[in-house]
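Q: Okay, here's the structure, questions in a sec.
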Amino acid sequence: MTGRPGREGAVSVPAGKVVLAGDLTVPSGAQAVVLFAHGSGSSRFSPRHRYVARQLQAVGLATLLMDLLTAEEERASRAQPGGLRFDVVLLAERLVAAIDWLRSIPPTRSLRLGCFGASTGAAAALDAAARRPREVGAIVSRGGRPDLARELEAVRAPTLLIVGGADTAVLRLNREAMRRLRSERRLEVVAGATHLFEEPGALERVAELAVDWFRRHLAAGS
């Protein structure tokens with residue numbers, strides 16, 4: 001894919017009492033922006049998310065990769081099992097704040113918006129979409145835990161669930177979540193892929209599916 005030049009740089013996203021670090025890239029002529037929500041134990045520097053983000057940018061979609069916890073919160077969470085990294089309610093609140101922030105700044109104010117989430121980040125993205133149904137136009141989950149979303153039945157955005165065929169436990173949970181979703185939804189199984197999609201061609205397939213889903217549902221007039 002050929003990339004499009006545009007603005008990119010570090011940003012600070014206000015979220016209640018904290019400020020979260022992020023990287024915003026807005027290709028020239030962008031018509032939509034995708035907000036990334038990483039899973040537990042990851043960050044905005046996730047190589048998998050950054051790879052998918054680059055493919056989205058190459059077709060003219062803006063991206064915001066952000067940390068959902070502050071550095072201090074991350075350190076404290078790692079010191080205790082089941083810490084803030086697994087608090088889907090808190091993570092969803094942070095994503096709602098990021099959605100509102102994207103709507104407040106000139107580069108992305110008028111862009112259609114989607115969410116890409118992994119692991120617990122996917123559950124948080126679904127809950128955030130349920131709380132901002134007029135703003136979120138599409139969701140993609142990669143190896144996500146949609147079963148952990150508290151407001152799954154309230155999601156209105158078209159949702160694509162991508163799971164590795166060898167990730168059997170998560171695949172079962174995604175199939176259960178499919179039955180609870182009321183919006184347009186699709187489950188794509190990447191044959192032979194495990195949870196992190198480390199197998200040859202697996203992450204490339206994830207990116208292809210995500211690009212197609214977001215372009216179809218976030219394009220002007222869709």
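The values are calculated or read from the model by the stated rules, or taken from the named source; none is laboratory data. Keep in mind it's a predicted model, so treat the numbers as computed, not measured. Cβ sites come from the backbone with ideal geometry, for glycine too, and all protein chains shown count toward neighbours.
Q: Identify, from the list R109, R179, the residue that is free of Cβ contacts under 8 Å to residues at least 24 places away in the same chain and part of a loop (DSSP other than H, G, I, E, B).
A: Working: R179 fails: part of a loop (DSSP other than H, G, I, E, B).
The match here is R109.
Q: Follow-up. Which pairs have Cβ atoms under 8 Å, sit 6 or more apart or on different chains, and link a residue in the range 188-205 that is closer than 18 Å to R54 by Cβ to one that is surrounded by fewer than 16 Cβ atoms within 10 Å (Cβ to Cβ) and among the aromatic types (F, W, Y)?
A: L203/Y51
Q: Also, quick follow-up: Say whether the condition of being without any contact (Cβ under 8 Å) to a residue 40 or more places away in the chain, within 20 Å of A207 (Cβ to Cβ), crowded, with 18+ Cβ neighbours inside 10 Å and among the hydrophobic types (A, V, I, L, M, F, W, C) is met by at least one residue in the range 142-160.
A: No, there is no match, as no residue in the range 142-160 is without any contact (Cβ under 8 Å) to a residue 40 or more places away in the chain, within 20 Å of A207 (Cβ to Cβ), crowded, with 18+ Cβ neighbours inside 10 Å and among the hydrophobic types (A, V, I, L, M, F, W, C).
Q: Can I ask one more? Tell me the residue from R134, R103, R94 that is assigned to a loop (DSSP other than H, G, I, E, B) and of a type outside the set (G, A, S), please. Walk me through how you get there before you give the answer.
A: Numbers: R103 fails: assigned to a loop (DSSP other than H, G, I, E, B); R94 fails: assigned to a loop (DSSP other than H, G, I, E, B).
Residue meeting the stated conditions: R134.
Q: What single numbered condition from (1) modelled with pLDDT of 95 or more; (2) under 26 Å from H195 (Cβ atoms) fails to hold for L24?
A: (2)
Q: Same structure again: Among (1) assigned to a loop (DSSP other than H, G, I, E, B); (2) modelled with pLDDT of 95 or more, which single condition is A220 missing?
A: (2)
Q: Still on this structure, please answer the following. Would you mention how many residues in the range 35-47 are within 23 Å of A157 (Cβ to Cβ), modelled with pLDDT under 80 and not polar (S, T, N, Q)?
A: 1
Q: Which one of these is more than 24 Å from E208 (Cβ to Cβ), among the hydrophobic types (A, V, I, L, M, F, W, C), modelled with pLDDT of 95 or more and surrounded by 14 or more Cβ atoms within 10 Å (Cβ to Cβ): A62, A32, A92, A53?
A: Details: A62 fails: more than 24 Å from E208 (Cβ to Cβ); A32 fails: more than 24 Å from E208 (Cβ to Cβ); A53 fails: more than 24 Å from E208 (Cβ to Cβ).
Checking each option against the conditions leaves just A92.
Q: Regarding R75, is this residue among the charged types (D, E, K, R) and modelled with pLDDT of 95 or more? Can you show your working first?
A: Numbers: among the charged types (D, E, K, R): yes; modelled with pLDDT of 95 or more: no.
No: the conditions fail for R75.
Q: If I filter the range 4-21 down to residues being at pLDDT 95 or above and of a type outside the set (A, V, I, L, M), which single residue comes out as farthest from L91 (Cα to Cα)?
A: Looking at residues that are at pLDDT 95 or above and of a type outside the set (A, V, I, L, M), I get S12.
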